[in-house]
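Working notes, beginning with the structure itself.
The values are calculated or read from the model by the stated rules, or taken from the named source; none is laboratory data. Fair warning: this is a prediction, and the values are worked out from it, not measured in the lab. Every residue, glycine among them, receives a Cβ derived from its backbone with ideal geometry; neighbour counts consider all protein chains shown. When the accessible area is computed, the model is the full protein with side chains, heavy atoms only, and any ligands, DNA or RNA have been set aside. Shrake-Rupley method; radii C 1.70, N 1.55, O 1.52, S 1.80 Å.
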Amino acid sequence: MSKSVLIVGGGTAGWITAAYMARMLAADTPGGVSITLVESDEIGTVGVGEGTFPIIRKTMGRIGLDESELIREADATFKQGIRFNHWKRNPADAPDDTYFHPFQVCSQHTDMDLLPYWLLGVAGDVPWAEACTVQERVVDAKLAPKLITHPNYNAPLNYAYHFDAGKLAQVVRRRAMDMGVKRLIDTIDDVNLDENGAIGSVLGRVNGELTADLYIDCSGFRARLIGETLGSEFTSYKDQLFCDRAVAMQVPYDRPDAPIPSCTYATAQDAGWTWDIGLHNRRGVGYVYSSAHCTDEAALDTLRRYVGPGADELKHRQLSFEAGFRKVQWHKNCVGIGLSVGFIEPLEATGISFAEVAALMLCNLFPWSGDTERSARQFNEAMTKRFEHVIDFIKLHYYLSQRTDTAFWRDNRDPASASDYLKGKLEQWRHRPPSFLDIDASHDIFDENSWQYILYGMDFKTDISARAGALRFYDDAKREFESIRQQSQNALSAVPTHRDLVSEVVAHGFRPKKRARA
Ligand code: FAD
């Protein structure tokens, strides 16, 4: 008999999970899994989550969404990385303090590892991200990562998206329903457990008792099933990541043809940082801060100052959260996905990627035989590692700061606020750069390239002088750095502006070049 899945919650996590499962588990065929999603019209979605990480392209491609449709209907723009301003030094001492985390990995034109040569100064006084890829200069010129003739989800430069969170959920919802997902508007008021402590049924106000083989909790911070009912414990990491509040605003552009940045701006502030994201017709701007270091009123003042004239008239939303996650995300016949099982502040926009990875794993570990125990164990172990490593990666951004101007930054630099794992890695990286050996490819969202970009962007010093005599390709490395510099220059005239590409896609869609017949 066909298996059934009930998803509670219709935010980004719920709809992405529904669409992904529908596609992978053939919801629209008689032998496939039947999927129902129930969402409340009384409880809203979190309504933020506008930045993503490049795996989003794979997810959107797999669920069969056309890229032009995504850009048109979710107001999506291209995100090629994050520019971090004022993270390293006290702003009064270093007004131009900045670095870039590109999504593009280091130049692959050569087998040679360029990083040791950069560490020895072969590229001159050029930041690592600028020396090893063309992307930083493309982004600084507010250019797109691709041409209108490139195929769906493909480009010479790696990218993710910024989008309107509410519109994205709608686009994905439509796609999920086209693939056979049934939608119920209802609020789940109660959950019944069976004699084994698994979920027996859920009770909707309108639809009454609803049953399924597998229940997926996408009910957001409420965690209606996995937390409230099954009592899976939440482990807090607020002693490492202090930010626990955000205030957000939607800001109109100064003029309709204003350039759209193709990166997120993350600007460090006294007690946290502001995000600044460009969509088609507006910016999404917010201040993520620590309530132990800043009042809500002071945070709103900071955000308004950042936005500038007119900010007082704009509506704002205040949000609360706590860094942490549940180590048991799959318990018996219930799997939590999205905010219901954890959230780490949005500095590297990991919220949606956790949901994407969870949906992917769930499809692979789907309990066709009815045995959930082994799948649950594997899922929980993998998600725990993934969360722990992302927490270390986010902490790295704060821990390496040399800022001493406020208590927030001084507290963030305190060794007691970083994990032993992170401190151990940093010890090693004093004498060798991070490599693929430091990454767990099956669990880590961020690979060695990202760790390198943050470390060296934050002016971390790796002393490889003892190895200098064993490096033989100084001339080749020099040529390669020069070639990347030249390619960057060429790229500036080869790709359109970000706004021009977005407008063109909205008007006509991508027009991939047909391959010539052999
Ligand atoms: P929600 O959006 O809260 O949806 C919950 C759903 O459950 C709703 O449909 C609700 O109606 C339903 N529901 C709840 N209770 C019931 C019930 N009893 N019965 C029926 N339905 C119910 N992520 C990123 O990837 N990038 C970012 O840039 C980013 N920025 C963020 C900034 C902030 C300040 C915050 C707080 C989060 C951010 N996130 C970001 C995280 C991102 O918003 C979430 O991961 C994403 O939106 C998924 O949320 P969700 O679907 O789990 O929960």
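Details
- Here the chain carries DSSP beta bridges of which approximately 70% are antiparallel, counting only pairs with both residues inside.
- Dividing the summed helix terms, -39500 (n - 2.57) for each DSSP H run of n ≥ 4, by the number of residues in the chain produces a 222 nm estimate of -10000 deg cm²/dmol to the nearest 500.
- In the assembled protein chains, TYR456 presents an accessible area of approximately 10 Å² (probe radius 1.4 Å).
- Peptide packing for 53-65, 439-451 was compared via the average number of neighbouring C-beta atoms within 10 Å per residue; ordered from the highest value, the list is 53-65, 439-451.
- Pairwise alpha-carbon distances in the range 364-518 exceed 26 Å for 58% of all pairs.
- Using 0.36 nm per residue and subtracting the Cα-Cα separation, the extra length available between ASP66 and ARG430 on full extension is 126.5 nm.
- Crossing angle, helix 498-508 versus the chain [Cα axis fit, 0-90 degrees, rounded to tens]: 40 degrees
- Descending semi-axes in whole angstrom, ellipsoid equivalent of the range 11-97, from the Cα gyration tensor: 37, 17, 12
- Note: the range 64-120, Cα convex hull, 158 Å³ per residue.
- A simple rule links phi to the HN-Hα coupling: the Karplus curve 6.51 cos²θ - 1.76 cosθ + 1.60 with θ = phi - 60°, which for the range 71-85 gives 5, 5, 9, 9, 6, 6, 10, 8, 10, 10, x, 10, 9, 9, 10 Hz, with x for Gly and Pro.
- Using θ = phi - 60° and Karplus 6.51 cos²θ - 1.76 cosθ + 1.60, couplings along the range 418-428 (whole Hz; Gly, Pro as x): 10, 6, 4, 4, 5, 5, x, 5, 4, 4, 4
- Database note for the chain: Cys without another Cys beta carbon under 4.7 angstrom, CYS218, CYS243, CYS263, CYS294, CYS334, CYS363.
- Solvent exposure of the range 117-226 amounts to 40 Å² per residue of accessible area, where only protein heavy atoms count and the probe is 1.4 Å.
- Potential lengthening between ASP125 and ALA494 on full extension [0.36 nm per residue; Cα-Cα distance subtracted]: 130.2 nm
- Segment GLN378-ASP447, length gained on full extension (0.36 nm per residue, minus Cα span): 22.7 nm
- Apolar share of the accessible surface for the chain: 48 percent from carbon plus sulfur atoms, 1.4 Å probe.
- Total formal charge among the other residues, if their Cβ is under 14 angstrom from that of LEU114, Lys/Arg +1 and Asp/Glu -1: -4
- Virtual paramagnetic centre 7 Å along Cα→Cβ of SER483, amide N under 14 Å, in the range 133-156: 133-134
- Helix 296-307 and the longest principal axis of the Cα set of the chain meet at an angle near 50°.
- Estimated inter-spin distance, ASP93 and ALA507, nm [label 7 Å along Cα→Cβ]: 5.0 nm
- The residues neighbouring SER40, those whose beta-carbon lies less than 11 Å from its own, together hold a net charge of -2 under the Lys/Arg +1, Asp/Glu -1 convention.
- For the residue pairs LYS58/LYS182; LYS167/LYS238; LYS58/LYS315; LYS146/LYS167; LYS88/LYS423; LYS79/LYS182, the alpha carbons lie more than 28 Å apart in LYS167/LYS238; LYS58/LYS315; LYS79/LYS182.
- The label-point distance for GLN170 and ASP257, in a model that sets each label 7 Å from Cα toward Cβ, rounds to 2.8 nm.
- Taking N as its residue count, the alpha carbon Rg of the chain over 2.2 N^0.38 Å: 0.99
- The range 288-346 - accessible surface per residue (Å², probe 1.4 Å): 44 Å²
- Degrees between helix 373-399 axis and first principal axis of the chain (Cα, 0 to 90, nearest 10): 30 degrees
- Average Cα contact separation per residue, the chain, under 8 Å, 6 or more apart, as relative contact order %: 24 percent
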